[in-house]
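The values are calculated or read from the model by the stated rules, or taken from the named source; none is laboratory data. Treat the numbers as computed from the prediction; the structure is a model and nothing was measured. When we count neighbours, we look across all protein chains shown, and the Cβ atoms used for this are built from the backbone with ideal geometry, even at glycine. Only protein heavy atoms, including side chains, enter the accessible area calculation; ligands, DNA and RNA are left aside. Shrake-Rupley method; radii C 1.70, N 1.55, O 1.52, S 1.80 Å.
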Amino acid sequence: MIYHRFTSYLYDRSKLMLLAILWLGGSAVADHRAYFPHFTFRDNLWQTQLVLTNTTFLNTDVRLRAYSDEGDLVGETSFRLGAAASKVADVQDYFGSMTVDRGWVEVVSEPGRVEGVVVFGNTATGGTTSLPMETQADQGLLFSFVPHDADRESGIVLMNPDDRFATVVFVMVDMATEQRQVRVRTLAPRSRMVTMIEDLYEMTPPAHARLEVKSSRDVVGFGLTFHEGAKQIVAVPAKPWRITDKQASIEMDWKAVLGDTPIGGAALAVHRGGQPELAAAAGLADMFTGEAFTTEHASSIGSITKTFVATLAMMHVEEGRLSLDQTLDTWVPEVPHADRITVEMMLNHSSGIAEYGTQPYVGALLERDFEDVWDPRELLAFALAEPPVFEPGTQYSYSNTNFLLLGMILEQVGGQPLAAQLRARIIDPLDMTQTYLRGFEEPVQPHARGFIWDPQNLLGLGEIVDTHNMVHGSSSFADGGMVSTPSDLNRFIRALVGGELLREETLARMLTPSKHSPFYALGITLNDDGAPDEATVGHDGAFVYGVANMVYFQDYDLALSVTLDVYPLDDQYLIHVLSSAMSLGKVMALMP
């Protein structure tokens with residue numbers, strides 16, 4: 001009986017100890033990870049203290065790693081924190097000498113859990129503030145109040161604790177008008193950004209705003225408000241935030257990207273796993289009639305045409321009608337060095353053939369009646385008037401003439417007009433109902449008009465140029481003449497990389513980069529979009545009717561395309577719209 005009671009006591013006591021360990025410190029084998037999102041002792045004006053407390057009754061090993069804003073490991077230390085013990089010290093005392101004076105700290109503890117506070121202040125003004133140690137990162141963060149006036153200015157600190165790049169979309173919302181402003185940034189692995197709101201947006205922020213953060217990776221952040229030149233400092237952790245309606249959110253943000261008075265119209269679409277996920281459109285399909293631009297409006301895709309033509313060429317290679325080693329003199333012997341220029345060289349732009357889109361070509365476009373049909377050989381003549389750029393196969397130089405010639409070759413090889421071959425072998429099988437080769441087929445409906453936006457009047461034709469009634473569609477051919485929608489483009493690129501159009505070995509050959517350019521293969525770009533560590537394939541395009549981009553993110557099985565029915569002669573605006581589209585679409589699809 002005594003033995004039974006003693007063994008029962010031991011059993012019950014072991015259960016209590018196990019429960020105590022789980023309650024006080026979590027699993028005895030798992031470590032606990034948290035973050036001090038900020039430290040600084042910059043310019044001897046700032047001082048930072050890290051306060052750590054062991055919240056369990058277990059002796060706990062603590063490891064601290066300090067990272068710079070750029071993501072470099074700049075300090076590392078470890079120590080044991082006794083049961084229910086605390087440690088308070090300046091950040092320099094934890095790490096000793098460091099090569100940087102600002103960054104963030106990762107905290108790892110086991111078997112117990114530690115909590116902490118970072119306290120920092122300005123030694124000149126006496127202003128101080130504190131932040132709790134962050135224990136959870138999130139893809140969505142909300143800075144619920146970002147004030148700005150004569151006495152207050154606000155900033156944010158955002159860090160990426162992940163070992164991969166994070167694409168971050170910032171949406172500032174004026175709390176008085178609900179007007180939204182969108183900006184995009186990329187955070188390197190374990191890096192951090194520290195910025196004032198007016199620097200992030202390059203404008204004076206509204207008096208009262210909130211800031212929505214949407215990220216492709218989990219991030220940690222907090223807001224800072226400085227009163228009267230840092231005499232008083234308020235730091236507030238950003239709150240984890242979930243988007244309840246992704247479609248409504250992307251529509252609002254996309255409209256904000258284009259602005260209240262958009263130049264033309266634009267649409268984007270996101271497909272994941274081959275299925276439509278998100279789509280948005282804003283602006284005008286016709287700036288004269290006021291017709292709204294929708295996701296179904298067909299618009300010029302420019303040089304994305306090259307990926308279609310390259311796919312068709314590789315189909316003929318598979319079937320033995322064409323060889324990558326065949327030389328141009330078989331079909332167009334009048335081109336200089338035609339006997340040494342191969343089909344492969346034209347596909348990867350290593351032929352050295354001059355560009356046909358020269359100043360004389362532009363002058364001819366402006367002078368010629370827009371109803372006049374262009375023959376591809378008329379376009380070729382502009383290139384033949386220029387000397388070769390280099391010896392065939394020795395360098396990389398992007399030239400539209402390469403694909404102009406490929407279109408001519410494919411018509412001879414396939415025995416049909418290029419438009420008919422593209423339709424029979426790619427467009428119709430993929431049910432791309434809003435896609436066609438402009439100038440060689442009947443237009444689809446609805447159809448964007450097409451404009452050039454020339455804010456500096458560089459062409460001498462005014463700010464808005466109606467290209468619909470300026471040039472015939474045949475003025476671009478296999479190099480940039482196609483028209484489509486974002487959804488159609490997504491179907492095409494996923495079908496291509498998914499093996500629906502080419503055999504595995506043929507596709508692998510198509511995706512092999514040129515030895516002269518790691519970013520361009522056979523009519524398709526590689527890793528030219530997205531974050532530096534994201535594998536992508538696709539192409540972009542621009543012609544006088546508009547601009548487009550098509551990307552497939554291999555890591556996520558995600559296709560993302562955007563079309564604009566305006567060709568802006570303003571690089572800053574164009575980069576803002578395209579980068580916002582790529583980032584916004586990707587991030588929204590990846591968020592939970």
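For the stretch 198-255, what are the residues that are acidic (Asp, Glu), outside any strand (DSSP E or B) and open to solvent by less than 70 Å² (accessible area, probe 1.4 Å)? Those that are acidic (Asp, Glu), outside any strand (DSSP E or B) and open to solvent by less than 70 Å² (accessible area, probe 1.4 Å): 198, 253. The single condition among (1) without any contact (Cβ under 8 Å) to a residue 24 or more places away in the chain; (2) not in a loop (DSSP other than H, G, I, E, B) that residue 141 does not meet is (1).
Checking each residue in the stretch 144-171 for being in contact (Cβ under 8 Å) with a residue 40 or more places away in the chain and hydrophobic (A, V, I, L, M, F, W, C) picks out 145, 146, 156, 157, 158, 159, 165, 166, 168, 169, 170, 171. The single condition from (1) under 18 Å from the mean Cα position of the chain (by Cα); (2) part of a strand (DSSP E or B) that residue 542 fails is (1). Look at the stretch 503-524: where a residue is more than 21 Å from residue 540 (Cα to Cα) and a partner is surrounded by 17 or more Cβ atoms within 10 Å (Cβ to Cβ), sitting 6+ places away or on another chain with Cβ atoms under 6 Å, you get 506/314. Candidates are the residues of the stretch 261-288 that are under 14 Å from residue 446 (Cα atoms) and open to solvent by 30 Å² or more (accessible area, probe 1.4 Å); the one that is farthest from the chain's Cα centre (by Cα) is 284. Criterion applied to 521, 589, 542, 535 was being surrounded by fewer than 22 Cβ atoms within 10 Å (Cβ to Cβ) and in contact with a Ser or Thr (Cβ under 6 Å, 6 or more places away or on another chain), and the one residue passing it is 521.
Screening residue 512 against (1) among the β-branched types (Val, Ile, Thr); (2) in a loop (DSSP other than H, G, I, E, B); (3) open to solvent by less than 10 Å² (accessible area, probe 1.4 Å) leaves a single unmet condition, (3).
Among the conditions (1) surrounded by fewer than 20 Cβ atoms within 10 Å (Cβ to Cβ); (2) touching a helix residue (DSSP H, G or I) at 6+ places or on another chain (Cβ under 8 Å); (3) in a strand (DSSP E or B), the only one that residue 154 does not satisfy is (1). Taken over the stretch 157-188, the criterion of being in contact with a strand residue (DSSP E or B) (Cβ under 8 Å, 6 or more places away or on another chain), in a loop (DSSP other than H, G, I, E, B) and not hydrophobic (A, V, I, L, M, F, W, C) is satisfied by 160, 161, 162, 164, 179.
Here's the yes/no breakdown for (1) among the β-branched types (Val, Ile, Thr); (2) at positive phi; (3) open to solvent by 10 Å² or more (accessible area, probe 1.4 Å):
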site: 445; (1), (2), (3): no, no, yes
site: 454; (1), (2), (3): no, no, no
site: 459; (1), (2), (3): no, no, yes
site: 462; (1), (2), (3): no, yes, yes
site: 469; (1), (2), (3): no, no, yes
site: 475; (1), (2), (3): no, no, no
site: 483; (1), (2), (3): yes, no, no
site: 487; (1), (2), (3): no, no, yes
site: 490; (1), (2), (3): no, no, no
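Scoring residue 136 on the criteria (1) over 37 Å from the mean Cα position of the chain (by Cα); (2) within 15 Å of residue 36 (Cβ to Cβ); (3) in a loop (DSSP other than H, G, I, E, B) leaves a single failure, condition (1).
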